[in-house]
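In what follows, a structure is listed as structure tokens, so that the remarks can point back to it.
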Amino acid sequence: MSTVSVATAREHCVTTRTLATRKRRGERITMLTAYDFAFARIFDQAGIDCLLVGDSLGNVVQGESTTLPVTLEEMIYHTRLVTRAAQRALVIADMPFGSYQASPEDGVRSAIRLLKESGAQAVKLEGGTQVAATVERITAADIPVMGHVGLTPQSIHKMGGFRVQGRSEGSRQRVLDDARAVQEAGAFSVVLEGMPADPAGEITATLEIPTIGIGAGPGCDGQVLVMHDMLGMNDWTPSFVKQYANLGAAAATAARVFADEVREQKFPAEEHCYKGKGQ
Ligand code: KIV
């Protein structure tokens with residue numbers, strides 16, 4: 001295939017430039033998490049702009065109570081499944097805990113591995129002023145970085161639990177400073193998680209880069225949800241989540257009906273059987 005036809009084929013793909021244009025035009029950006037080929041394909045075909053391979057896979061796929069145990073190898077594996085399916089959406093891979101905290105050099109090495117071995121187009125990492133040097137080093141290696149400030153799940157033990165940020169004046173100033181720091185360091189976008197709508201709206205109005213909110217109110221440039229939350233696949237749903245489907249209940253009903261039909265010898269019926277010679 002020539003470079004011209006490759007360019008034509010990718011014309012409708014979402015890129016970091018697309019997101020910048022959306023912000024300029026006041027058009028909202030959509031993002032969902034995805035961790036495997038099947039759901040990535042469904043969301044991509046549904047027109048979701050960005051697929052985030054979040055380290056939330058520690059919670060919703062692996063059943064861990066925090067995201068801390070997730071490894072770089074696991075992120076690479078799941079991101080590869082998602083990039084195989086994504087034809088249009090921008091795929092962003094989370095940098096897991098331990099892959100960038102020790103030094104900016106560690107961060108660059110981990111980001112290079114993530115992009116090279118998974119096919120993602122961008123990485124996301126948590127933190128503000130304290131990771132600005134790392135964001136700068138990764139973007140200097142031409143790897144687009146999405147920041148993540150406010151409630152940052154990798155800092156659960158420092159925060160003393162999953163706590164909404166930006167409520168007090170001091171905390172509000174901290175999230176503002178953090179968001180500005182990642183923009184100054186070269187991030188193309190930033191996730192605002194777990195904060196009142198007020199500071200999120202102020203950050204969105206102040207920053208040039210698009211903000212993507214989760215539990216941060218309606219004033220952000222885009223919204224992201226964890227797929228298991230919005231599809232009703234978990235035992236409980238956080239209050240900031242809208243559940244758009246109940247796949248958990250649908251899957252449980254399907255499993256029960258299947259089991260009943262096997263026990264009652266209704267499945268497989270004739271139409272589910274291969275035909276042998278002469279049949
Ligand atoms: O890991 C994740 O899914 C995330 C989103 C909650 C933004 O970081």
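The values are calculated or read from the model by the stated rules, or taken from the named source; none is laboratory data. Just so it is clear, the model here is predicted, and its values are computed rather than measured. Here Cβ is always computed from backbone atoms with ideal geometry, including for glycine, and neighbour counts include all displayed protein chains. Accessible surface areas use protein heavy atoms only, side chains included; no ligands, DNA or RNA. Shrake-Rupley method; radii C 1.70, N 1.55, O 1.52, S 1.80 Å.
Odds and ends about this structure:
- Of all residues in the range 201-238, those satisfying the criterion of being open to solvent by less than 20 Å² (accessible area, probe 1.4 Å), more than 24 Å from ALA34 (Cβ to Cβ) and either over 20 Å from the mean Cα position of the chain (by Cα) or among the hydrophobic types (A, V, I, L, M, F, W, C) (or both) are ILE203, LEU207.
- Matching residues, the range 177-200, being under 11 Å from THR129 (Cβ atoms) and either surrounded by fewer than 23 Cβ atoms within 10 Å (Cβ to Cβ) or acidic (Asp, Glu) (or both): ASP177, ASP178, ARG180, ALA181, GLU184, ALA185
Let's see how each residue does on (1) within 15 Å of the ligand (Cβ to nearest atom); (2) touching a residue at least 40 places away in the same chain (Cβ under 8 Å); (3) more than 30 Å from VAL182 (Cα to Cα); (4) assigned to a helix (DSSP H, G or I):
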{"site": "VAL224", "(1), (2), (3), (4)": "yes, yes, no, no"}
{"site": "ASP235", "(1), (2), (3), (4)": "no, no, yes, no"}
{"site": "PHE258", "(1), (2), (3), (4)": "no, no, yes, yes"}
{"site": "LYS277", "(1), (2), (3), (4)": "no, no, yes, no"}
